[in-house]
């Protein structure tokens, strides 16, 4: 499981509320190196090989940083 991979802080599988055929994964990693290690792992290669067959269009991936976190930042 991805969320058990070393360096993964957590992962969610999200589904669009209007189009049930659209899914997103959201994961947090300790570092970019941890993510790169996952992407080069046998686990990723095995999962990706089977999952990508389910896509109607090519998948997209983004790496982001937090600009503002309204979930944990509270005004004082």
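Readers should treat all values here as calculations from the given coordinates under stated rules, not as data from a laboratory. Quick caveat: nothing in here was measured; it's all calculated off a predicted structure. All Cβ positions, glycine included, derive from the backbone under ideal geometry; neighbour counts span all protein chains shown.
Pick from 48, 62: which is part of a helix (DSSP H, G or I) and either touching a residue at least 60 places away in the same chain (Cβ under 8 Å) or within 13 Å of the chain's Cα centre (by Cα) (or both)? Walk me through it before giving the result.
Numbers: 62 fails: part of a helix (DSSP H, G or I).
From the options 48, 62, the qualifying one is 48.
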Index of the failed condition, residue 70 passing every other in (1) surrounded by 10 or more Cβ atoms within 10 Å (Cβ to Cβ); (2) without any contact (Cβ under 8 Å) to a residue 40 or more places away in the chain: (1)
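Going by the structure shown, is residue 43 under 11 Å from the mean Cα position of the chain (by Cα), without any contact (Cβ under 8 Å) to a residue 60 or more places away in the chain and outside any loop (DSSP other than H, G, I, E, B)?
no
Table: residues versus (1) more than 13 Å from the chain's Cα centre (by Cα); (2) free of Cβ contacts under 8 Å to residues at least 12 places away in the same chain.
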position: 1; (1), (2): no, yes
position: 12; (1), (2): no, no
position: 16; (1), (2): yes, yes
position: 22; (1), (2): yes, yes
position: 39; (1), (2): no, yes
